[in-house]
Amino acid sequence: MTILGIGGYLLTRAAPAWWRTVEQDNPISIKSADDLQNALGSQFTAVRPTASDLRPDEPWRSDVWRFGLEVDDANAWLNINLPQWIESDPDLPPWPENIQAIQVAFRRGLLFVGVELNRGDGQSQHLVASVRPEIRADGSLWVPADKIYIGRLPIPPDAVLAQAQARVEQILPEELTANGQALLGIFRGQAPLAEQPVIRLGDGRQVRILEIQPWKRRLIVSCQTEQRPSDQADRSGP
């Protein structure tokens with residue numbers, strides 16, 4: 001039992017095997033983050049041909065299109081551009097001081113989301129959730145937790161998330177309590193991440209997320225560009 005206890009403790013203190021530290025002043029990482037942001041902007045705003053199966057009585061939409069997100073590029077953006085974006089938006093709460101880094105990993109059907117926390121004693125602690133992205137029949141996006149990891153030690157998610165939800169006011173600062181409760185409910189499968197996973201564009205269109213498929217260090221995202229409901233009078237396409 002002592003050996004098992006020591007082994008479990010060591011697992012909780014270890015970083016996930018896939019964790020790769022991103023140096024915020026690394027020129028290669030900065031370029032990766034900027035290139036990803038620019039590439040996604042180009043993909044979302046691109047002019048798309050009208051869907052081949054569009055009926056005359058339907059609002060305008062494009063054929064399904066896809067893009068792949070490389071894990072290294074995603075982690076560069078999360079740790080370099082995301083904090084800057086949050087800091088520059090006065091409507092968003094400040095970046096939590098105890099979060100040192102955010103990382104993701106893509107495996108077969110699973111998306112791993114992890115944070116590195118400053119424990120306050122000079123040591124760090126890694127908390128990770130593996131989720132299965134799912135677009136349901138009504139179009140909503142769900143990401144229930146498959147497992148929770150403290151370091152490399154897997155923990156059944158139900159008990160951990162329920163306890164965290166009950167103690168969220170003690171864990172998070174007051175300005176983040178509501179967001180923390182909502183996020184924990186999403187991981188518990190109590191609510192979708194998005195009722196309608198769409199990205200609104202400035203020209204009357206929107207991009208709808210149809211499928212998210214993690215696969216071998218890449219995230220394959222299937223999308224469709226469509227006319228926003230308030231702009232459906234013009235069906236000739238962008």
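Taking the conditions exactly as written (aliphatic (A, V, I, L, M), modelled with pLDDT of 95 or more and over 21 Å from Leu127 (Cβ atoms)), does Ala74 satisfy them or not? Criteria not met by Ala74. Assessment of the range 45-52 against the conditions (surrounded by 16 or more Cβ atoms within 10 Å (Cβ to Cβ), over 30 Å from Asp203 (Cα atoms) and aliphatic (A, V, I, L, M)) yields no matching residue.
Selection of the range 27-53 for residues being more than 16 Å from Cys223 (Cβ to Cβ) and either touching a residue at least 60 places away in the same chain (Cβ under 8 Å) or among the charged types (D, E, K, R) (or both) yields Lys31, Asp34, Asp35, Asp53. For the range 100-140, a residue qualifies if it is closer than 20 Å to Gln24 by Cα and within 16 Å of the chain's Cα centre (by Cα), and the qualifying residues are Ala101, Ile102, Gln103, Val104, Ala105, Val113, Gly114, Val115, Glu116. For the range 15-37, a residue qualifies if it is hydrophobic (A, V, I, L, M, F, W, C), closer than 11 Å to Ile80 by Cα and assigned to a helix (DSSP H, G or I), and the qualifying residues are Ile30, Ala33.
The values are calculated or read from the model by the stated rules, or taken from the named source; none is laboratory data. The structure displayed is predicted, hence computed values, not measured ones. Using ideal geometry, Cβ is built from the backbone for each residue, glycine included, and neighbour counts are taken over all protein chains shown.
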